[in-house]
1. What is the set of long-range amide H partners of A36 at a cut-off below 5 Å, with H atoms built 1.01 Å from backbone N?
2. Normalized C-alpha radius of gyration of the chain, against 2.2 N^0.38 Å?
3. Which whole DSSP H helices in the chain pass both tests: a Cα extent of 30 Å or more along the axis and a mean Kyte-Doolittle value no lower than -1.0?
4. Which whole-number percent is the relative contact order of segment 1-76 (Cα, under 8 Å, 6+ apart)?
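Just so it is clear, none of the values below were taken in a lab; they were calculated from the coordinates. Only a predicted model underlies this, so the values are computations on that prediction, with no experimental measurement involved.
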Amino acid sequence: MATERTLSIIKPDAVAKNAIGDIIARFEHAGLRVVAAKMLHLSEDKAGGFYAEHKERPFFNDLVGFMTSGPVVVQVLEGEDAIAKNRDLMGATNPKEAAAGTIRADFAETIDANAVHGSDSAESAEREISYFFGNDEICPR
Ligand code: RTP
Ligand code: MG
């Protein structure tokens, strides 16, 4: 296993629930380290560009509408096997199918408002991290 970085977003529903700290604690307790973080309210352009791979999907407009509905917290997580580990901590996209004890099982209600985003591959992680952070905004341990 290698040390990796992955992009995590705490989505508007989880921020509205005041669950930022509980969610970051899950990452830290699993051995992931926050090496960059910012809170921001995404514009339609910024959210649409982030989810550009889903542009032709029927849920794209709802997804952008949701991601711009309130502030989000974007962070870079670093650690052993960080990309897969974060996806495991998150649970399935649809919280109704997410395993017990995962973030989506515990904090999300619906497939649209599902609490967190996590990069799904090394290629996505590289693109997504540079979409939100300059090199001078990342603070390795
Ligand atoms: P994310 O990118 O947000 O981490 O979620 P994911 O990898 O688990 O799922 P993905 O397939 O990338 O979809 C991105 C977001 O679009 C919404 N979605 N809705 N109605 C639907 O069938 C559907 N499928 C996906 C979800 O909110 C998902 O997080
Ligand atoms: Mg995805």
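1. V76, C139
2. So the chain has a normalised radius of gyration of 0.97.
3. Membrane-span-like by this criterion, though nothing is claimed about a membrane: none.
4. Normalised by residue count, the contact order of segment 1-76 is 54 percent.
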